[in-house]
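Here the structure comes first, spelled out in structure tokens, and everything after it is commentary.
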Amino acid sequence: MTKRDELKQILLDLSVKTGDFTLTSGKKSDLYVDCRTTTIHARGAILIGELGYELACETAQKLGLTPDSVGGMTLGADPITLAIAMESSRSGGDLTLRPFVVRKEPKEYGMGRQIEGNFREGDQVIVIEDTATTGGSALKAIKAIEASGGKVAFCIVLVDRQEGGVDNIDAAGYPTVALFTRKQLLG
């Protein structure tokens, strides 16, 4: 079994549910994908780091970019971000990524930051999204990153539900790639 097949099976076993669901967006769907049960699973996180880092390197090379950091909207992007950044360090590859997280709102105390971790003004950033439905979380993270002086290189989505989210992110001018699509998971 390949790493990709193994991650797909973990997603199917732990994260993918079919039935009648109301999503965060308020939309009704026959599919619910709770990526957290896979991204916070020990083997799932290792596979996401390895496959996500490979996808980051391939995409960066194809676009002729050298991203500095990786992050997205807390909480969904956090374990994916860390897994990819850890793999970038462990692998010794050409691309070493510093992880960060984007808070939903800036802190009202301390330094009042919305972005925490190893983000630096001027960074070229890979934005992470766990599950793309409308693309709203990624676009909100992008807004905060750009307001803090970052430049978005591209976005990586763990699962594209194929309901317009990736298209919305692309249409806003940010190339987006997915590790898995709904069709790849469910056929």
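All of the numbers you see were taken from the coordinates with simple rules; none came from a lab. Note that the coordinates shown come from a computational prediction; the quantities given were computed from them, not determined experimentally. With ideal geometry, Cβ positions are generated from the backbone for all residues, glycine too; neighbour counts draw on all protein chains shown.
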### Query
Out of curiosity, is VAL16 touching a helix residue (DSSP H, G or I) at 6+ places or on another chain (Cβ under 8 Å) and closer than 24 Å to PRO175 by Cα?
no
### Task
Go through the range 31-61 and count every residue that is touching a Phe, Trp or Tyr at 6+ places or on another chain (Cβ under 9 Å), surrounded by fewer than 24 Cβ atoms within 10 Å (Cβ to Cβ), more than 25 Å from PHE21 (Cβ to Cβ) and not polar (S, T, N, Q).
1
### Task
Return yes or no: is ASP68 surrounded by 13 or more Cβ atoms within 10 Å (Cβ to Cβ) and under 14 Å from the mean Cα position of the chain (by Cα)?
no
### Query
Quick check: anything in the range 8-15 among the small types (Gly, Ala, Ser) and more than 17 Å from the chain's Cα centre (by Cα)?
no
### Task
Could you list, in sequence order, all residues of the range 121-180 that are among the acidic types (Asp, Glu), under 18 Å from SER69 (Cα atoms) and under 15 Å from the mean Cα position of the chain (by Cα)?
GLU129, ASP130
